[in-house]
Amino acid sequence: MSGGAEPGRAPLRVAVVGAGGRMGTAACRAVEAADDLELVARVHRDDPVDAVAGADVAVVLSVPDAAPAQVDWCVRHGVHAVVGTTGWTDERLDVVREALGAQPRVGVLVAPNFAVGAVLAMRFAAQAARFYESVEVVELHHPDKVDAPSGTAVRTARGIAEARRAAGLGAAPDATSTGLDGARGADVDGVRVHSVRLRGLVAHEEVLLGGPGEQLTIRHDSFDRESFMPGVLLAVRRVAERPGLLVGLEHLLDLDG
Ligand SMILES: NC(=O)C1=CN([C@@H]2O[C@H](COP(=O)(O)OP(=O)(O)OC[C@H]3O[C@@H](n4cnc5c(N)ncnc54)[C@H](OP(=O)(O)O)[C@@H]3O)[C@@H](O)[C@H]2O)C=CC1
Ligand SMILES: O=C(O)C1=N[C@H](C(=O)O)C[C@H](O)C1
């Protein structure tokens, strides 16, 4: 996932939206350290989104309530967008697709997780799903996270659910007939997802797959937000090559190659 300046080519101009946040701070640092990129705007909560206007690519790392309008602005003004903010529903993605219809040269990449290991874990979980009767997802994050379950866990669960359906598997066995609200986690497309919030954690996920007499555990840990930066930079460099909406960094990783 390396990059670098090509002789004679002007650096790609990059704006970071949500620049003061945990991810935004790391992304600004990563962009500034890259020879082929130039950080032209840091957009904070109270800044107008048109601060992005001079950029080729906007990296959106704000909060779920703000990101859709920011992405919409980017699309309408011809700025490619690399989006890490979570909270995207199918309806919100449809709005982006509709806006892109009028801007056929613009690319938007929405990535629930920029860490290559997390992308691989999602892929492996979907591959394994058809072989196991039971599956549950546990995501574990720092306690300052505002959304639950994590965007990664939602996407992981959906990938598993799709693979189970394709294999003709029904619901995972569960005899629970009485229990406290929430004890069995959230139901994401028929897959149970449990969210842990704990000081000291960054971003972690476990997929537990169970069959008679065996268990497969697929686990990914981001111990530092540096883990997301190669994926962010890859997406910044490549988003313009792929007009339209892409969901997931896997589209740029050539996983089947
Ligand atoms: N795709 C991926 O790989 C990853 C995605 N994420 C996601 O990225 C998002 C941000 O995470 P994180 O950095 O931890 O969160 P933070 O809360 O640290 O950062 C969010 C930032 O957005 C700012 N903000 C709020 N509203 C606006 C606005 N209208 N315009 C511009 N900026 C705004 C906040 O400003 P203020 O400080 O003033 O409130 C804050 O600085 C979350 O949705 C998270 O789930 C996180 C890690 C990895
Ligand atoms: O808020 C976070 O920290 C993270 N958010 C993303 C998510 O919700 O999946 C990605 C990663 O898990 C870190």
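Going by what's in this entry, would Ala153 be described as of a type in the set (A, V, I, L, M), open to solvent by less than 30 Å² (accessible area, probe 1.4 Å) and either in contact with a Leu (Cβ under 6 Å, 6 or more places away or on another chain) or touching a residue at least 60 places away in the same chain (Cβ under 8 Å) (or both)? So Ala153 does not fit the description; no.
The sole residue among Val154, Val135 that is within 19 Å of the chain's Cα centre (by Cα) and not aromatic (Phe, Trp, Tyr) is Val154. Please enumerate the residues belonging to segment 73-109 that are within 19 Å of the chain's Cα centre (by Cα) and open to solvent by 50 Å² or more (accessible area, probe 1.4 Å). The answer is Thr89, Asp90, Glu91, Arg92, Asp94, Val95, Arg97. For Val232, the test of being within 14 Å of the chain's Cα centre (by Cα), β-branched (Val, Ile, Thr), under 30 Å from Arg105 (Cα atoms) and not in a strand (DSSP E or B) is passed.
Would you check if Arg123 is open to solvent by 20 Å² or more (accessible area, probe 1.4 Å), under 21 Å from Gln215 (Cβ atoms) and either basic (Lys, Arg) or in a helix (DSSP H, G or I) (or both)? Yes: the conditions hold for Arg123. Val135 falls short on exactly one of the conditions (1) open to solvent by less than 30 Å² (accessible area, probe 1.4 Å); (2) more than 28 Å from Arg22 (Cβ to Cβ); (3) in a helix (DSSP H, G or I), and that condition is (3). Checked against the criterion of being closer than 20 Å to Thr25 by Cα and either polar (S, T, N, Q) or within 16 Å of ligand 2 (Cβ to nearest atom) (or both), segment 235-254 contains one or more residues that satisfy it. Among the residues of this structure, Val31 does not count as one that is open to solvent by 10 Å² or more (accessible area, probe 1.4 Å) and not polar (S, T, N, Q).
The values are calculated or read from the model by the stated rules, or taken from the named source; none is laboratory data. Predicted model, so just to flag it, every value in this text is computed and none were measured. Cβ atoms come from the backbone with ideal geometry, glycine included; neighbour counts cover every protein chain shown. SASA here: full protein model, heavy atoms, side chains in, ligands and nucleic acids out. Shrake-Rupley method; radii C 1.70, N 1.55, O 1.52, S 1.80 Å.
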